[in-house]
Amino acid sequence: KEIFSWDLKSIPDLTQLMDLEKASKRIISAIENKEKIGIFGDYDVDGTTSCALLFHFFKSINIDVDLIQPSRFIDGYGIHPPSIDLAVQKEIKVLITVDCGITNCEAAEYALTKGIDLIITDHHQDIRENLPNAFAVINPNRRDENCENDLKSLAWVGVSFALCLQIKKN
């Protein structure tokens, strides 16, 4: 019964994730300053549903966003410098990764050099020596995250939902 409940009051506090507030404030600032926001989504089911959730969330508050979804066969997994170049061409100032990015330290550094505030949202383990040097890294499985154990098993669409909640809250 607990697993299939529609009672949103019984879900864990999703807004406790590290960097969630920082990311939401940057996104709100981008909206207020009419800066272009992009969503870079992984190509799998979790990434695609998360892209859809964020796209429809922004649409519901009358904000246009650009979607970038790589090809599994051409681009491989994660975000890479060519994707940052595409974001630059589209004049994106804030780029939100969806279901990827926790291991893409080089792309995060490259985004810094191109003037893009990269917000990495992921749920995979951070297996690199260091976290990516991004504007924000939201991930219930980052090594320094103190969130409740209930959040460690979130699929990325749950992290996406948490970001939407925090933006609405601010």
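The values are calculated or read from the model by the stated rules, or taken from the named source; none is laboratory data. Predicted model only: the values in this text are computed from it and were never measured. With ideal geometry, Cβ positions are generated from the backbone for all residues, glycine too; neighbour counts draw on all protein chains shown. Keep in mind that these areas ignore ligands, DNA and RNA; they rest on the heavy atoms of the full protein, side chains included. Shrake-Rupley method; radii C 1.70, N 1.55, O 1.52, S 1.80 Å.
Listed values, structure above:
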quantity: First in region 150-170 and under 12 Å from Pro12 (Cβ atoms) and open to solvent by 10 Å² or more (accessible area, probe 1.4 Å), second anywhere and aromatic (Phe, Trp, Tyr) and modelled with pLDDT of 90 or more, Cβ under 7 Å, 6 or more apart; calculated: none
quantity: Options Pro70, Pro140, Pro82: the member that is assigned to a helix (DSSP H, G or I), at pLDDT below 95 and not hydrophobic (A, V, I, L, M, F, W, C); calculated: Pro82
quantity: Asn33, sole failed condition from (1) open to solvent by 30 Å² or more (accessible area, probe 1.4 Å); (2) of a type outside the set (D, E, K, R); (3) closer than 23 Å to Arg143 by Cα; (4) at pLDDT 80 or above; calculated: (3)
quantity: Condition met for Cys105 (within 10 Å of Phe40 (Cα to Cα), in contact with an Asp or Glu (Cβ under 9 Å, 6 or more places away or on another chain) and open to solvent by less than 60 Å² (accessible area, probe 1.4 Å)); calculated: no
quantity: Region 111-130 - residue that is modelled with pLDDT under 85 and not acidic (Asp, Glu) and, of those, nearest to Glu21 (Cα to Cα); calculated: His123
quantity: Those residues of region 89-102 which are out of contact with any helix residue (DSSP H, G or I) (no Cβ under 9 Å at 6 or more places or on another chain) and open to solvent by 10 Å² or more (accessible area, probe 1.4 Å), in sequence order; calculated: Gln89, Lys90, Glu91
